[in-house]
Amino acid sequence: MKKTFVMILMATAAIGFAGQATAATPEAKATYKAANDSAAAEYKVARAKCDSMTGNPKDVCIAEAKAARVLVEANAKAQYKDTLSARAAATKDIADANYDVAKAKCGSQTGNAKDVCIKDAKANKVAAVSNAKADKKVIEARTDARDDKNTAEYKVVLEKCDASTGAAKDACVAAAKKQFGK
């Protein structure tokens, strides 16, 4: 299982290094499809290894196989869509899968130890989802602040252009528009 997990992490890293410039291109779509196909194949292999087990170890094995698949697929989808929402959704999906693995591991315990284990797993899931939401809000706030700053600087440059007249003013305004992407 560890070997499979390492392979999945390497595939995820390869997807991450594909770069944002390839998003929404045929290459990105091919990379996305290849990652999903790879995840499905790895899942089948990992799932087949679980068939020889019984009881709680089998449940844990199946949950780990599903979590590994979700990890690759969610990261591939986030990379392909290349949006803040897609990345947040990937984090949530991964947290859900990790929660399922933790719950399966708790299945071998009884009584209060099992209750504590499940509560701990739930707390880790809530923390991961909350962090993803907070990260999304921080990025959105920084983007808004950058846009506001850019607009304010653009207005300052336009005001400076008002000191000129004729062709000089037109050239100044055109340069400002080009500089600030307006």
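Every read-out reported here was derived from the displayed coordinates using simple, explicitly stated rules and does not represent laboratory data. Computed from a prediction, not measured in an experiment: that's the story for all the values here. All Cβ positions, even for glycine, are placed from backbone atoms using ideal geometry, and neighbour counts span all protein chains on display.
Overview of results
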| item | result |
| --- | --- |
| C61 being free of Cβ contacts under 8 Å to residues at least 24 places away in the same chain and surrounded by 14 or more Cβ atoms within 10 Å (Cβ to Cβ) | no |
| Residue in segment 146-157 that is among the charged types (D, E, K, R), surrounded by fewer than 12 Cβ atoms within 10 Å (Cβ to Cβ) and more than 30 Å from Q179 (Cβ to Cβ) present | no |
| Residues located in segment 70-88, provided they are of a type outside the set (S, T, Y) and either more than 30 Å from V116 (Cβ to Cβ) or in contact with a Phe, Trp or Tyr (Cβ under 6 Å, 6 or more places away or on another chain) (or both) | V72, E73, N75, A76, K77, A78, Q79, K81, D82, L84, A86, R87 |
| Selection status of A121, under 23 Å from the mean Cα position of the chain (by Cα) and under 29 Å from E27 (Cβ atoms) | no |
| Given (1) in contact (Cβ under 8 Å) with a residue 24 or more places away in the chain; (2) farther than 29 Å from K44 by Cβ, index of the condition V116 fails | (1) |
| Pairs with Cβ under 7 Å, 6+ apart, first in segment 151-173 and without any contact (Cβ under 8 Å) to a residue 40 or more places away in the chain, second among the polar types (S, T, N, Q) | C172/S164 |
| Looking only at segment 42-54, and only at residues there that are assigned to a helix (DSSP H, G or I) and without any contact (Cβ under 8 Å) to a residue 24 or more places away in the chain, the one that is farthest from A28 (Cα to Cα) | C50 |
